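Notes for the one structure printed next.
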């Protein structure tokens, strides 16, 4: 039962961030004034596309979805911390950027872990599902 809950939560998170990431990546394309701001937009688009691809792979329990989940994790970890530094200007606090990236990274790591566990080739026992 616990893996089923993790699977559903991971799918929901991947679909949500995927849709929001693609939408924001497309609508904000070219709006960044600095290279750092533009890198945030690229990262958001990357985690959007890879999130949707990973959601499909996780739903189908495909082994390749672990790799797309890792790409999603990198984008989802990079964007929040760099956005704090890129858009806050003089008011940016490094601790806030680190906290944003670390917390996003921990959540993303849980999704990658769930993707790995749910896409393995070994048969599951009833107690594991």
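For the reader, a short list of remarks on this structure follows.
- Prolate/oblate/rounded label for the range 76-125 (Cα gyration tensor, a/c 1.5): prolate
- Normalised convex hull volume, the chain, alpha-carbon set, Å³ per residue: 89
- Pairwise FRET efficiency - residue 71 versus residue 91, Cβ, R0 = 35 Å, nearest 0.05: 0.65
- The sum of -39500 (n - 2.57) across all DSSP H runs of n ≥ 4, divided by the residue count of the chain, sets its helix-only mean residue ellipticity at 222 nm to -27500 deg cm²/dmol.
- Global form of the range 44-110, assessed from the alpha-carbon gyration tensor, a/c cut-off 1.5: prolate
Coordinate-derived values only; no laboratory data. Keep in mind the model is a prediction, meaning the values are calculated, not measured. In this analysis, Cβ positions are derived from the backbone assuming ideal geometry, glycine residues included, and neighbour counts consider all displayed protein chains.
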